[in-house]
1. Going through the range 191-217 one residue at a time, which ones are free of Cβ contacts under 8 Å to residues at least 12 places away in the same chain and either in contact with a helix residue (DSSP H, G or I) (Cβ under 7 Å, 6 or more places away or on another chain) or assigned to a loop (DSSP other than H, G, I, E, B) (or both)?
2. Working carefully through the options 108, 50, 64, find the one that is among the charged types (D, E, K, R), part of a loop (DSSP other than H, G, I, E, B) and modelled with pLDDT of 95 or more.
3. Which condition breaks for residue 178 when tested against (1) without any contact (Cβ under 8 Å) to a residue 60 or more places away in the chain; (2) hydrophobic (A, V, I, L, M, F, W, C); (3) in contact with a Lys or Arg (Cβ under 7 Å, 6 or more places away or on another chain); (4) surrounded by 23 or more Cβ atoms within 10 Å (Cβ to Cβ)?
4. Take the conditions assigned to a strand (DSSP E or B), more than 19 Å from the chain's Cα centre (by Cα) and either surrounded by 12 or more Cβ atoms within 10 Å (Cβ to Cβ) or of a type in the set (Phe, Trp, Tyr) (or both) and apply them to residue 188. Does it pass?
5. In the range 3-38, which residues are among the aliphatic types (A, V, I, L, M), in a strand (DSSP E or B) and either more than 15 Å from residue 180 (Cβ to Cβ) or open to solvent by 10 Å² or more (accessible area, probe 1.4 Å) (or both)?
6. Filter the range 201-213 down to residues that are open to solvent by less than 50 Å² (accessible area, probe 1.4 Å) and out of contact with any Cys (no Cβ under 9 Å at 6 or more places or on another chain), then give me how many there are.
7. Quick check on my filter: what residues within the range 141-154 are buried (at least 17 other Cβ atoms within 10 Å of the Cβ), outside any strand (DSSP E or B) and not hydrophobic (A, V, I, L, M, F, W, C)?
8. Please enumerate the residues belonging to the range 238-251 that are in contact with a Ser or Thr (Cβ under 9 Å, 6 or more places away or on another chain) and either open to solvent by 40 Å² or more (accessible area, probe 1.4 Å) or among the acidic types (Asp, Glu) (or both).
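The values are calculated or read from the model by the stated rules, or taken from the named source; none is laboratory data. All figures in this text were calculated on a predicted structure; none of them were measured in a lab. Virtual Cβ from ideal backbone geometry, glycine too; neighbours counted across all protein chains shown. Please note that ligands, DNA and RNA were not included when accessible areas were found on the heavy atoms of the full protein model with its side chains. Shrake-Rupley method; radii C 1.70, N 1.55, O 1.52, S 1.80 Å.
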Amino acid sequence: MKQPVLLEVCANSVTSALAAQDGGAARVELCENLYEGGTTPSHGEIELARKQLKIKLYVLIRPRGGDFLYTDLEFDIMLADVKFCIAADCDGVVIGILNADGTIDTERCSKLIQLAKQGGIGVTFHRAFDMCADMYQALEDIIEMGCERILTSGGKSTAMEGIRTIANLIKKAAGRIIIMPGSGVSEKNVGDLVQFTGAVEVHSSAKVRKQSKMDYKNDHIVMGDNYGDEYVYEVTDVDRVKNILKTANKS
């Protein structure tokens with residue numbers, strides 16, 4: 001019998017995480033600030049997500065947007081956040097640190113991975129992988145460090161653009177680690193993505209834009225990088241989650 005394709009939803013809130021669960025996702029990657037590529041959510045968000053979710057909860061460990069070259073202070077923050085996730089009974093964390101030359105910072109990544117494993121939780125390596133100088137060497141380094149999976153768009157902006165590289169990575173991994181395509185994955189392309197690459201897990205935010213229910217609106221101010229509209233926000237949609245899963249698992 002063919003192995004079903006699992007969906008991990010990149011959830012930007014507890015609300016999104018619950019939509020992912022209701023839609024049939026196997027796992028949530030909880031984060032904030034998706035417009036920056038995702039950062040670590042608040043401790044309150046993590047605690048409430050854990051209380052509400054029955055599916056697996058992984059938490060993004062990323063102290064800021066931008067590159068993946070971190071200071072000692074930022075690394076200490078990451079260590080503290082992993083410890084909190086262990087204490088909060090999360091199922092795993094999502095990490096990634098690079099050296100300035102584009103190689104994996106195996107020393108500091110290994111410390112995070114060892115800490116997580118000692119706490120009994122899993123580890124995914126995130127799309128810092130896509131910013132590596134040599135993804136195939138990075139693949140071997142990440143396998144050796146003991147991660148469960150790699151989230152990747154094949155070194156391109158979207159998974160569909162990097163589809164050939166993803167297929168090659170899955171072949172090269174040869175079952176030693178899960179290669180999970182992500183970035184731009186939708187109900188429109190997930191079928192082709194799975195068929196071409198042989199992926200058994202996929203990653204999507206499955207989000208839609210929602211209009212604010214505010215009656216009063218001050219149209220003379222922009223307070224953040226939110227499409228120039230303070231009265232729009234994004235949230236995971238149950239139906240999109242269901243449709244992505246349905247399409248991914250068509251024979």
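1. The initial filter retains those residues of the range 191-217 that are free of Cβ contacts under 8 Å to residues at least 12 places away in the same chain, namely 195, 213, 215-216.
213, 215, 216, listed by residue number.
2. On the way: 108 fails: part of a loop (DSSP other than H, G, I, E, B); 50 fails: part of a loop (DSSP other than H, G, I, E, B).
One residue alone meets the criteria, 64.
3. In the conditions (1) without any contact (Cβ under 8 Å) to a residue 60 or more places away in the chain; (2) hydrophobic (A, V, I, L, M, F, W, C); (3) in contact with a Lys or Arg (Cβ under 7 Å, 6 or more places away or on another chain); (4) surrounded by 23 or more Cβ atoms within 10 Å (Cβ to Cβ), residue 178 misses (4) alone.
4. Numbers: assigned to a strand (DSSP E or B): no; more than 19 Å from the chain's Cα centre (by Cα): yes; either surrounded by 12 or more Cβ atoms within 10 Å (Cβ to Cβ) or of a type in the set (Phe, Trp, Tyr) (or both): yes.
So residue 188 fails the test.
5. Pass one, the range 3-38, residues among the aliphatic types (A, V, I, L, M): 5-7, 9, 11, 14, 17-20, 25-26, 28, 30, 34.
Filter once more, so that each one left must be in a strand (DSSP E or B): 6-7, 9, 11, 28, 30.
Correct list: 6, 11, 30.
6. Going through the range 201-213, the residues open to solvent by less than 50 Å² (accessible area, probe 1.4 Å) turn out to be 201-206, 208, 212.
Among the residues that remain, those that are also out of contact with any Cys (no Cβ under 9 Å at 6 or more places or on another chain) are: 201-202, 208, 212.
Number of matching residues: 4.
7. 141, 153, 154
8. Listed by number, the residues that qualify are 240, 243.
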